[in-house]
Amino acid sequence: MKIIKASNYDEMSKKAAQVIAAQITLKGDSVLGLATGSSPEGTYKYLIDWYNQGDLDFSGITSVNLDEYVGLTADHDQSYAYFMRKHLFDHVNIDLANTNIPCGIAEDPAAECSNYDAKIKSLGGVDLQLLGIGPNGHIGFNEPGDELVAGTHVTDLKESTIDANQRFFASRDDVPRQAFTMGIRDILQAKRIVLVASGKNKADAVKKMVFGPITTAVPASLLQVHPDCTVVVDADAWSLCE
Ligand code: GLP
């Protein structure tokens, strides 16, 4: 694991965006694994700025997103499909036909999951996967548990995750209880991984991810065995590691 320390959220975002920009520049037809949440918003902002300055070209890029809430349509303002359009896709020249997100209202969830994994495979895998981290150490929506699922699957969200994500919804009752998520194998098979973590509420998860035992109780700890994983933290997220 390579750790890049930033002093604050903005610097963290810039450093993560620099790694992604280098990937896009060096391989214009990269498959990018993308994430949602507050953590990568600033990263996307930098990528959009550099695109607007003429320094980045997304026309050859394909994307696969990590996850989506079960039951939300793509135009629901808290769906991850909506998030991606709002925070990245609507602002750069990526071809929407080359963007992939699990369909939250898929009629056959099992087929949606196997088709998603087949899609990732047909693309030749993910070149660079961007990740955030949940306060409980989840990545994507791979929640802590006795075992982790390898491929894309539907998962029940932990109460702590519902608590953490309720800030985006009108009420706690509105937070979906299930989500589609890429599995831990899907994530670990990415050629490169960049994880961004910001804020004191991530400090415990970051410490366990980087220094703790490798355990399914902290899904992000499995990243310790990945050969090319960069963790970009701000000072608050790193505060328990000093
Ligand atoms: C969400 C997402 C994750 C994200 C995490 C942290 O539940 N499924 O992909 O990394 O929680 O979100 P945030 O960055 O908003 O703290």
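Overview of results
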quantity: Accessible solvent surface per residue of the chain, calculated while the other protein chains remain in place, 1.4 angstrom probe, Å²; calculated: 44 Å²
quantity: Fraction of accessible area attributable to carbon and sulfur, the chain (%, probe 1.4 Å); calculated: 49 percent
quantity: Ratio of the Cα radius of gyration of the stretch 19-90 to 2.2 N^0.38 Å, where N counts its residues; calculated: 1.13
quantity: Protection-proxy order for peptides 19-25, 91-97, 128-134, each taking the mean of Cβ atoms within 10 Å per residue, highest first; calculated: 128-134, 19-25, 91-97
quantity: Relative counts (whole %) of C-alpha pair distances in the chain, using bins that are 5 Å wide; calculated: 1, 7, 15, 20, 21, 19, 12, 5, 1, 0
quantity: Computed magnitude of the charge dipole of the stretch 150-242 (debye, nearest 20; Cβ of K, R +1, Cβ of D, E -1); calculated: 180 debye
quantity: Pair PHE169, SER114: separation of 7 Å Cα→Cβ label points (nm); calculated: 3.0 nm
quantity: Point-to-point label distance, THR73-ASP95, nm (Cα→Cβ direction, 7 Å offset); calculated: 2.8 nm
quantity: Debye, to nearest 20: dipole size of the stretch 73-198, +1 on Lys, Arg Cβ, -1 on Asp, Glu Cβ; calculated: 480 debye
quantity: Cβ crowding within 10 Å averaged over residues, with 43-50, 71-78, 140-147, 232-239 ranked highest first; calculated: 232-239, 43-50, 140-147, 71-78
quantity: Extension gain from ASN8 to THR216, taking 0.36 nm per residue of separation minus the Cα-Cα distance; calculated: 72.0 nm
quantity: ASN201/VAL225 FRET efficiency (R0 30 Å; Cβ-Cβ; nearest 0.05); calculated: 0.70
quantity: Translational D in µm²/s for the stretch 136-219 (Stokes-Einstein at 4 °C, 1.567 mPa s, Kirkwood Rh from C-alpha pairs); calculated: 94 µm²/s
quantity: Convex hull volume of the stretch 98-192 per residue (C-alpha atoms, cubic angstrom); calculated: 117 Å³
quantity: Pairs from LYS119/LYS208; LYS14/LYS119; LYS27/LYS208; LYS45/LYS86 whose Cα-Cα separation, in the structure shown, is over 22 Å; calculated: LYS119/LYS208; LYS14/LYS119; LYS27/LYS208
quantity: LEU26 versus ASP49: modelled label distance in nm, points set 7 Å from Cα along the beta carbon direction; calculated: 2.3 nm
quantity: Dipole in debye (nearest 20) - the stretch 24-82, about Cα centre, beta carbon charges: Lys, Arg +1; Asp, Glu -1; calculated: 140 debye
quantity: Computed over the chain: relative contact order in percent, which uses C-alpha pairs under 8 Å that are six or more apart; calculated: 26 percent
quantity: Inter-part distance where the stretch 113-150 and the stretch 18-42 are each reduced to a Cα centre, Å; calculated: 16 Å
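The values are calculated or read from the model by the stated rules, or taken from the named source; none is laboratory data. Keep in mind the model is a prediction, meaning the values are calculated, not measured. Methodologically, a virtual Cβ is constructed for each residue, glycine included, from the backbone with ideal geometry; neighbour enumeration extends over all protein chains shown. The area values use the complete protein model at the heavy-atom level, side chains included, leaving out ligands, DNA and RNA. Shrake-Rupley method; radii C 1.70, N 1.55, O 1.52, S 1.80 Å.
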